[in-house]
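J.: Next up is a structure, given as structure tokens.
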Amino acid sequence: MKGRDGDLLTVQDLHKWFPIKGGLLGKTVGQLRAVDGVSLSVMKGETLGVVGESGCGKTTLAKTILKLIKPTKGKIIFDGSDVTDLSGRKAMRLRRRMQIVFQDPYASLDPRQTVRSCLTEVMGVHGLVTSRRESEEAAENLIEKVGLNPDHLLRFPHEFSGGQRQRIAVARALVTNPDFLVLDEPTSSLDVSVQAQILNLLKSLQREFGLTYLFISHNLAVIRQVSHRTAVMYLGRMVEIAETEKIYSEPKHPYTSALVSAVPIPDPSRRTELAALEGDVPSPVNIPPGCRFNTRCPYATEKCRRETPPLVEIAPSHWIECHYDIDFPSMKRSDLERGLISGGERAPE
Amino acid sequence: MAVMSRALVTKDAVLEVKDLRVDFHTYAGDVKALNGVELTVKRGEILGLVGESGCGKSVTALSIVGLLPQNAEVVSGEILLEGRDLLRLTKEEMRLARLGEIAIVFQDPATYLNPVINIGAQITEILTSDRRRFQVELVSAGLKDFEGRVQGKPLSPALEKEGRRLRSITPSSRMRRGEVKRLAKLLALSYLRMVKLPDAARVFKMYPFELSGGMRQRAIIAMALARRPKLLLADEITTALDVTVQAQILRLLKELKEKIDASVVLITHDLAVVAELCDRAAVMYAGNIVEVAEVKELFANPLHPYTKGLLEAIPRPDSRSELKSIAGSVPDLLFPPTGCRFHPRCPFAFDRCPKVAPPLVEVSPGHLVACLLYGG
């Protein structure tokens with residue numbers, strides 16, 4: 001995937017491997033391949049949803065993009081310039097433009113800091129304000145933007161409910177007036193009625209400030225509500241990227257289609273057989289050879305166990321990483337193996 | 001199928017919870033966690049108990065199995081399991097009830113398995129702890145296995161002796177330790193297979209840390225089924241699991257429903273899971289049951305303002321629409337709102353709501369609601 005005009009962020013072949021130390025001498029005995037060759041781009045003003053099961057590398061991807069951890073390999077291009085190796089003051093300036101909201105607002109707020117000092121501290125760090133009055137006004141402004149009121153500024157995190165805490169975390173992320181926000185499971189620890197409040201807040205903030213979101217979640221229903229495009233991640237790689245409606249209505253990768261049909265629908269009149277994939281996700285320490293989904297794919301062929309499929313564009317802005325481009329649910333593996341539908345197989349690029 | 005049809009004919013209650021009030025004594029004061037819970041579980045059904053965190057779903061479940069923490073006090077109420085009040089049982093009687101009549105499966109399977117004992121031993125422990133009760137089952141498992149082995153083969157004297165021995169065992173007869181062990185293993189394996197654990201014989205020897213989250217949850221379900229409960233409480237059993245694994249477990253529960261002769265209370269915060277699996281659902285809010293109905297009726301025609309709000313607040317995987325949220329958040333039960341506990345968040349609240357606690361009334365057959373808008 002190449003950078004295009006209108007892309008705020010482009011990630012090219014990003015890898016993050018964590019070495020596993022072992023033995024007496026602490027030698028590296030293996031690599032945990034958390035992010036293993038991810039390429040994607042996020043357009044200005046859009047929400048790109050990243051969905052995947054636990055351990056697939058979603059959070060590592062977010063941290064690597066924000067340069068909170070160093071990538072092993074690959075490029076991060078933000079607003080036209082390569083930021084992969086930025087450090088020091090330049091990195092600080094970049095941080096102003098990229099912020100993050102974490103999953104657990106009980107852990108991400110300092111329990112001994114009032115809301116006001118939580119917000120003004122960020123302003124101080126980035127040198128955004130010159131006087132105390134200015135910073136306090138800015139804090140009041142922000143807290144209203146996220147639907148709390150200035151009285152709340154003098155309170156401590158424990159005095160707030162989970163939803164309110166997440167509002168504070170959002171306010172803190174907005175202090176530097178960023179262009180790009182990474183939302184790492186921002187509603188997973190909240191109850192449904194509160195989750196809806198936060199999702200609506202995020203949507204309205206996006207409209208108001210023209211924000212670009214990378215929205216990470218394991219919840220497909222949430223992703224469908226908020227994102228314009230959706231990327232499906234499996235074991236450190238993107239297996240499918242497309243417009244959100246496409247992902248849900250015509251998933252092309254067998255993993256996506258299994259994932260989509262495994263989600264229970266809150267409508268008892270539409271009970272269907274939930275498609276259940278067999279087995280569990282393999283460990284990112286021992287990634288299976290060939291296509292990494294082959295151990296659970298109901299359609300895997302000999303080729304899938306041998307060759308790694310490339311990420312290809314099968315329709316405009318619809319990318320999948322699979323050897324076959326066919327309507328999977330109606331096919332059987334035996335058909336593939338017998339070559340009955342060999343028309344679906346792509347020539348290697 | 002036999003179980004199903006019987007369930008349809010005799011829909012009598014297995015469990016009745018009446019006006020259950022539970023307080024938690026804390027340093028900050030008394031938390032009024034349950035405020036007169038009314039609940040009926042019918043024979044053979046899957047009842048969904050749904051609500052947000054802190055609404056008292058788990059406290060209700062813990063009260064039923066008699067595992068409330070020390071600082072909890074049952075202020076009033078009755079919990080009738082087939083007419084017998086569980087709250088009046090002694091500790092020992094309650095233990096036996098947990099062994100044979102009610103089973104509970106919790107959210108986090110890693111916490112509820114013993115990490116230093118293998119899965120097989122944990123199941124056989126259950127199977128042999130009340131010998132008289134399980135002897136019949138052990139022997140029938142043994143006989144089944146025996147018949148499988150001898151099928152079509154001429155009987156050797158040794159086999160013939162074994163068959164005679166198995167057939168001669170009655171519920172009260174004494175069995176040798178080795179024999180019990182062998183038969184218990186056979187039976188345990190059959191439960192592991194029932195929950196679709198791949199390669200049951202290998203899992204039997206494995207320790208909990210060697211299993212994935214989904215497999216652990218299956219192992220725990222097997223342990224619960226091994227007690228042949230009349231009532232199975234499943235407390236957020238899929239919450240800690242990934243969607244694809246959640247789908248496996250939900251599918252398993254659906255299949256088991258046809259096989260086992262137990263009523264299931266499925267406790268969850270996820271309305272989609274209720275829609276997928278349950279026959280009836282009870283919605284809880286701040287220590288009260290606010291609405292009970294058949295699942296189809298509840299989703300098509302929700303009456304309580306909280307249920308309505310909840311249904312509009314869930315993001316749907318099948319369509320994209322503006323989410324409506326319920327203003328405010330769940331109340332602190334140290335100082336619960338007076339009258340109807342939902343009134344501070346309710347868009348339809350009127351002058352009587354803060355004064356009168358609404359009773360649960362039946363507004364149409366099988367559809368109960370606790371809201372002053374519908375009388376009461």
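The values are calculated or read from the model by the stated rules, or taken from the named source; none is laboratory data. On a predicted model such as this, the values are computed, not experimentally measured, just so you know. Cβ sites come from the backbone with ideal geometry, for glycine too, and all protein chains shown count toward neighbours. Please note that ligands, DNA and RNA were not included when accessible areas were found on the heavy atoms of the full protein model with its side chains. Shrake-Rupley method; radii C 1.70, N 1.55, O 1.52, S 1.80 Å.
J.: Given a 10 angstrom Cα cut-off, can you work out which residue in B:Y285, B:Y207, B:Y191 is the most mobile in a GNM of chain B?
T.: B:Y207
J.: With the other protein chains left in place, how much accessible area per residue, in square angstrom, belongs to chain B at a 1.4 angstrom probe?
T.: Each residue of chain B exposes 45 Å² on average to a 1.4 Å probe.
J.: Let me ask you something else. I'd like the carbon and sulfur percentage of the solvent accessible area for the stretch B:111-228, probe radius 1.4 Å, heavy atoms only, ligands and nucleic acids excluded.
T.: So the carbon and sulfur contribution to the accessible surface is 55 percent.
J.: Find the Cα radius of gyration of the stretch B:111-228, compare it with 2.2 N^0.38 Å by division, and give the number to two decimals.
T.: The stretch B:111-228 yields a ratio of 1.13.
J.: Measuring from label point to label point, each 7 Å out along Cα→Cβ, what is the B:R320 to A:Q113 span in nm?
T.: So the label points at B:R320 and A:Q113 sit 3.5 nm apart.
J.: Continuing with the same structure: Go ahead and run the numbers for FRET between B:R176 and A:E208, Cβ-Cβ distance against an R0 of 51 Å, rounding to 0.05.
T.: Once rounded, the FRET efficiency stands at 0.05.
J.: Run the simple label-point estimate for B:E312 and A:M92 please: 7 Å along Cα→C-beta, distance reported in nm.
T.: Roughly 4.8 nm, to one decimal.
J.: Just the ratio, please: alpha-carbon radius of gyration of chain B over 2.2 N^0.38 Å, N its number of residues. The partial results should precede the final answer.
T.: Numbers: Rg = 23.2 Å, N = 376, 2.2 N^0.38 = 20.9 Å.
Here the Cα radius of gyration is 1.11 times the empirical estimate.
J.: Still on this model: Using a Gaussian network model of chain A with C-alpha springs under 10 Å, which one of A:D184, A:D36, A:D85 is most mobile by mean-square fluctuation?
T.: Checking each option, the largest mean-square fluctuation is seen for A:D85.
J.: Okay, next question. Once Rh is set to the Kirkwood radius over Cα pairs, what Stokes-Einstein translational diffusion coefficient, in µm²/s, holds for chain A at a temperature of 10 °C and a viscosity of 1.306 mPa s?
T.: Approximately 73 µm²/s, per Stokes-Einstein.
J.: Return the calculated 222 nm mean residue ellipticity for chain A, to the nearest 500 deg cm²/dmol, obtained by summing -39500 (n - 2.57) across DSSP H runs with n ≥ 4 and dividing by the residue count.
T.: Calculated mean residue ellipticity at 222 nm is -9000 deg cm²/dmol.
J.: P(r) tail for the stretch A:100-241, what percent of Cα pairs lie past 17 Å?
T.: 60 percent
J.: Mind putting together the pair-distance distribution for the stretch B:223-357? All Cα pairs, 5 Å bins, whole percent per bin, short to long.
T.: 2, 8, 15, 19, 18, 15, 10, 7, 4, 1, 0
J.: So, R0 is 45 Å and r is the distance between the beta-carbons of B:T90 and B:S190; what FRET efficiency does that work out to, to 0.05? Numbers along the way, then the final one.
T.: Numbers: r = 33 Å, r/R0 = 0.73.
The formula returns an efficiency of 0.85 here.
J.: If you take the accessible area of A alone plus B alone and subtract the pair, what total do you get in square angstrom, rounded to 100, with a 1.4 Å probe? Can you show the working numbers first?
T.: Values: alone 17360 and 18990 Å², together 32480 Å².
Heavy-atom accessible area buried at this interface is about 3900 Å².
J.: So how strong a dipole does chain B carry about its Cα centre when Lys and Arg Cβ are +1 and Asp and Glu Cβ are -1, to the nearest 20 debye?
T.: Details: 52 positive and 44 negative charges, 397 e Å.
The dipole of chain B has a size of about 1900 debye.
J.: Bins of 10 Å, beginning at zero and ending with the bin holding the largest distance: percent of Cα pairs per bin for the stretch A:13-107, please.
T.: Per 10 Å bin, starting at 0, the Cα pair percentages come out as 13, 41, 33, 11, 2, 0.
J.: In the stretch B:121-177, what is the volume of the convex hull around the alpha carbon atoms, normalised per residue and reported in Å³?
T.: Per residue, the Cα convex hull of the stretch B:121-177 comes to 89 Å³.
J.: Note every residue of the stretch A:257-277 with a reduction of at least 40 square angstrom in accessible area, all protein chains present versus the isolated chain, computed with a 1.4 Å probe, or write none.
T.: At a threshold of 40 Å² (probe 1.4 Å), the residues of the stretch A:257-277 that become less exposed are A:A262, A:P264, A:I265, A:P266, A:P268, A:R271, A:E273, A:L274, A:A276.
J.: Let me spell out the model: positive unit charges on the Cβ of Lys and Arg, negative unit charges on the Cβ of Asp and Glu, origin at the Cα centre of the stretch B:111-228. What dipole size does that give, in debye rounded to 20? Let's see the in-between values first.
T.: On the way: 24 positive and 10 negative charges, 59 e Å.
My answer is approximately 280 debye.
J.: To the nearest 20 debye, what charge dipole does the protein assembly as shown have about its Cα centre, counting +1 at the Cβ of each Lys and Arg and -1 at the Cβ of each Asp and Glu?
T.: Details: 98 positive and 86 negative charges, 496 e Å.
Rounded to the nearest 20 debye, it is 2380 debye.
J.: Determine the calculated [θ] at 222 nm for chain B from helices alone, applying -39500 (n - 2.57) to every DSSP H run no shorter than 4 residues and normalising by the residue count; nearest 500 deg cm²/dmol.
T.: Numbers: 13 runs with 147 residues, N = 376.
Helix contribution divided over all residues of chain B: -12000 deg cm²/dmol.
J.: Okay, moving on. Using a Förster distance of 22 angstrom, determine the FRET efficiency expected from the C-beta separation of B:D19 and B:D108, and round it to 0.05.
T.: Numbers: r = 31 Å, r/R0 = 1.41.
With a Förster radius of 22 Å, E is 0.10.
J.: Can you check what the Kirkwood hydrodynamic radius comes to for the protein assembly as shown, Cα pairs only, in Å to one decimal? Write down the numbers at each step before the final one.
T.: Numbers: mean 1/r = 0.0351 Å⁻¹.
It works out to 28.5 Å.
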